[in-house]
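K.L.:
Below you'll find the structure I mean.
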Amino acid sequence: MLELSSTFRIHRYPTALIDRVMLADGRSVLVRPVLPQDGELHRRFVRELSPASRYRRFHFALSELPDSTLDYLTKVDYASHLALLGEAFDERGDEVQVAEARYVRRTDADEADVADFALAVADRWQGLGLGRQMLAALVHGARRGGVRRLEGSVLADNEPMCSLLRRHGWRLRIDPDDGRLLVARLELAAVPAPAIASAIAPAIAPALEVAPC
């Protein structure tokens, strides 16, 4: 996992990336960029994933997110690290997170326009088209943010994810360093500068400064 810088500032919240998507069963999900106060929401999301889904997301056994990792996943700057969540309401009317999609730009100067991605959908919300919608939203956000290539590691036996990526133009190859994994790659077309600028709406809160994680 890429290291989080010691401090960062959030200057603008990208409201242009907020959307409501319809699923195959008629339910709707709000897709929006994560906020720092979403920590407990995201913790519950990961906790309630099945062991298989958590392993597919993190590639190792995990039951609970450490606080430092939770901070890393929810306190983002929307530029080098963009995280989108899918939000719905359960039977009791409580807010729940049902999906996540994110990218993190690489720090090497010669790969500054390359970002690593991750995607996960809550077990009870799989098979409804939500993964496709989250992936499309992430690709849209990456293009607007100037990312030219998305890459990520996917477990070779994660057939639903591999199928989703192939259907949407991603190229998959075997990871030469780990036979369990495939490396997924999508080249992104550039977006004209005015479109990039319009993706960022006025700030909804003062700049946020975060202590080291």
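K.L.:
What percentage of the solvent-accessible surface of the stretch 1-158, computed with a 1.4 Å probe over protein heavy atoms, is contributed by carbon and sulfur atoms?
P.N.:
48
K.L.:
Would you grab the residues whose amide H sits under 5 Å from the one on LEU188? Only those 5+ places off in sequence or on another chain, please, with H modelled 1.01 Å from N.
P.N.:
Under 5 Å from the amide H of LEU188 lie the amide H atoms of ARG149, LEU150, each far enough along the sequence or on another chain.
K.L.:
Please list, in chain and number order, the residues 5+ apart from VAL98 or on another chain whose amide H is under 5 Å from its amide H, with Hs placed from the backbone.
P.N.:
Counting only residues 5 or more places away or on other chains, the set is GLY86, GLU87, ALA88.
K.L.:
Quick one: plug the Kirkwood hydrodynamic radius of the stretch 150-191 (C-alpha pairs) into Stokes-Einstein at 4 °C, 1.567 mPa s, and report D in µm²/s.
P.N.:
In µm²/s, the coefficient is 123.
K.L.:
I would also like to ask the following. Going by a ≥ b ≥ c, the root eigenvalues of the Cα gyration tensor, does the stretch 104-190 fall in the rounded group (a/c under 1.5), the prolate group (a/b larger than b/c) or the oblate group?
P.N.:
oblate
K.L.:
Rounded to the nearest whole Å², what accessible area per residue is found for the stretch 120-167 with the 1.4 Å probe?
P.N.:
44
K.L.:
Still on this model: Once each part is reduced to its C-alpha centroid, what is the distance from the stretch 62-120 to the stretch 19-47 in angstrom?
P.N.:
Using only Cα atoms to place each centre, the spacing works out to 11 Å.
K.L.:
Sticking with this one: What number comes out for accessible area per residue over the stretch 1-115 if the probe is 1.4 Å? Units Å², please.
P.N.:
51
K.L.:
How large is the convex hull of the C-alpha atoms of the stretch 18-145 per residue, in Å³?
P.N.:
112
The values are calculated or read from the model by the stated rules, or taken from the named source; none is laboratory data. Because the structure is predicted, anything quoted here is derived from the model rather than measured. Please note that ligands, DNA and RNA were not included when accessible areas were found on the heavy atoms of the full protein model with its side chains. Shrake-Rupley method; radii C 1.70, N 1.55, O 1.52, S 1.80 Å.
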